[in-house]
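Here is the structure we will look at, set down as structure tokens.
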Amino acid sequence: MLTWVTSLLAPGIDRTPPAAADGVAIAGEVSRASGLGEAARLICRGMQRAGVPNWTIDVGNLLPAHTADFAVASELPPPGAPLLLHVNAPLLPWVLFRLPRSLVRGRRVIGYWLWELPTVPPEWRAGARFVHEVWVPSDFVAAAVEPLLPGRVRVVPLPLAIARPEPSALDRVAFGLPRDAVVVLVSFNLASSFERKNPLAAITAFRAAFGERGDRILLLKVGNHAHAPDDFARILDAVGGASNIRLETRTFPTADVHALTAASDIVLSLHRSEGFGLVLAEAMLLGRPVIATGWSGNMTFMDGDSAALVGYRLIPAQDPRQVYAGASWAEPDQAAAVAHLRRLADDANERTALGAKGAAIAAARLGIAPLIAALRGIGLSLP
């Protein structure tokens, strides 16, 4: 209903995409620790690396459940600068309705969208009327969005490789982890779909692989654990007091998050679907070997040579939070996950080799070239 009403009130875009000039205005929840917020910050960093003038507009306070996790300054762009909106289609009319009309009139309007299923919901159609084109981070998302805007979807992966993750000086001891154990990291946010992230499968696979072995540690990095107390209770029940499973619920600065990843031996994700897979991409760039479901957006930057891919079967998406429905997602193969865990945990040399291959392919696929191509594609002259 919100999408439908605000689509009647929001300012329409120019019928013909105006010429791009001067730089790019980047609007999104840039003050928020979220997937779309991080995407906006990364694209902004890529613009700066490419020498493209850019202006940041924080619209986080216009969106539901806003939390200002970072301090940012909004800047109004000059006339003619394209507007790149990191706001998904259903909320796009609402944001445009609340923004000054001068930010829409006479500008090329581009959406940067994230989604995690093979098809987008029907309510996305109303928001699609308010963009001239859409950029997406993966081929997987592109295939879902393409029916809404045929021929107007560009794949622009997040340019993580232009400034690789920089861990702080914290080591295992600082995080309370034993030096001589193999540490398997599972990192997820309970503000995202619990069923999609599928942490219970990771816990089950770890326990099947290693039982109560003290030299094998599962570290569950759980963001926003208070956001979904019932889901957190399910995690505690699955852990069952196991002495070799640790829970980390503290909120760390970004550099410390990277240090935690760097302190781990294996990064595991038995997700059912990812629009991109930021945690996995960062882990690969840090040289950590990754075990992941071999389906959805993460396949943009990994393959069978650079990650331990887990087979799957597609099943109907069932989400108690009612965010995802009407399509399929992956059910990862538990036996394959257990085999990967045992093999990598037992062979330090193989972990090192797989981490190096992952770092190389992630660096090659997550560079700045796709962003530069997209900027040139909208008519900007780059230095």
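The values are calculated or read from the model by the stated rules, or taken from the named source; none is laboratory data. The structure displayed is predicted, hence computed values, not measured ones. For neighbour counting, all protein chains shown are included, and Cβ atoms are generated from backbone atoms with ideal geometry for every residue, glycine included. Note: accessible area is taken over every heavy atom of the protein model, side chains too, but ligands, DNA and RNA are not part of it. Shrake-Rupley method; radii C 1.70, N 1.55, O 1.52, S 1.80 Å.
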Subset of segment 210-259, residues open to solvent by 50 Å² or more (accessible area, probe 1.4 Å), under 22 Å from the mean Cα position of the chain (by Cα) and among the basic types (Lys, Arg), comes to Arg250
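Can you name the residue in segment 157-167 that is in a loop (DSSP other than H, G, I, E, B) and among the hydrophobic types (A, V, I, L, M, F, W, C) and, of all such residues, is most open to solvent (accessible area, probe 1.4 Å)? Even if it seems obvious, please write down each step before you answer.
In the first step, residues of segment 157-167 are kept if they are in a loop (DSSP other than H, G, I, E, B); the result is 157-159, 163-167.
From what is left, the residues that are among the hydrophobic types (A, V, I, L, M, F, W, C) are 158, 163.
Values: Leu158: 9, Ala163: 34 Å².
Looking at the filtered set, the residue picked out is Ala163.
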- request: Considering every residue within segment 136-148, establish whether at least one is at pLDDT 95 or above, buried (at least 16 other Cβ atoms within 10 Å of the Cβ) and over 30 Å from Asp333 (Cβ atoms).
  value: yes
Condition set assigned to a helix (DSSP H, G or I) and not β-branched (Val, Ile, Thr), scope segment 5-21, selection least open to solvent (accessible area, probe 1.4 Å): answer is Ser7
Result of the Cβ filter at 9 Å on segment 158-171, keeping first residues that are at pLDDT 95 or above and partners that are among the charged types (D, E, K, R) and part of a loop (DSSP other than H, G, I, E, B), at least 6 apart or interchain, is Asp171/Arg179
Of the residues in segment 294-324 that are among the β-branched types (Val, Ile, Thr) and in contact (Cβ under 8 Å) with a residue 40 or more places away in the chain, the one that is farthest from Leu270 (Cα to Cα) is Val323
Restricting segment 45-96 to residues that are within 28 Å of Arg129 (Cβ to Cβ) and among the hydroxyl-bearing types (Ser, Thr, Tyr), the one modelled with the lowest pLDDT turns out to be Ser74
Within segment 73-97, the residues that are under 13 Å from Gly12 (Cα atoms) and surrounded by fewer than 19 Cβ atoms within 10 Å (Cβ to Cβ) are Phe97
For segment 194-215, pairs from a residue that is closer than 23 Å to Glu274 by Cβ and at pLDDT 95 or above to a residue that is buried (at least 22 other Cβ atoms within 10 Å of the Cβ) and of a type in the set (Ser, Thr, Tyr), with Cβ under 7 Å and 6 or more apart or across chains, are Arg196/Ser273
Of (1) crowded, with 23+ Cβ neighbours inside 10 Å; (2) more than 29 Å from Glu133 (Cβ to Cβ), Ser296 satisfies every one except (2)
Exactly one of Pro320, Pro316 is surrounded by fewer than 22 Cβ atoms within 10 Å (Cβ to Cβ), modelled with pLDDT under 95 and more than 30 Å from Ile43 (Cβ to Cβ), and that one is Pro320
Every listed condition ((1) closer than 19 Å to Trp115 by Cβ; (2) in contact with a helix residue (DSSP H, G or I) (Cβ under 6 Å, 6 or more places away or on another chain); (3) hydroxyl-bearing (Ser, Thr, Tyr)) holds for Thr6 save (1)
Condition set out of contact with any helix residue (DSSP H, G or I) (no Cβ under 9 Å at 6 or more places or on another chain) and under 17 Å from Ile378 (Cα atoms), scope segment 22-47, selection surrounded by the most Cβ atoms within 10 Å (Cβ to Cβ): answer is Cys44
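Name the single residue, out of those in segment 326-358 being assigned to a loop (DSSP other than H, G, I, E, B) and touching a residue at least 12 places away in the same chain (Cβ under 8 Å), that is least open to solvent (accessible area, probe 1.4 Å).
Our first condition is that a residue be assigned to a loop (DSSP other than H, G, I, E, B); within segment 326-358, this holds for 326-327, 333, 347.
Then drop every residue that is not touching a residue at least 12 places away in the same chain (Cβ under 8 Å), which leaves 326-327, 333.
Working: Gly326: 78, Ala327: 18, Asp333: 71 Å².
Checked segment 326-358; the qualifying residue least open to solvent (accessible area, probe 1.4 Å) is Ala327.
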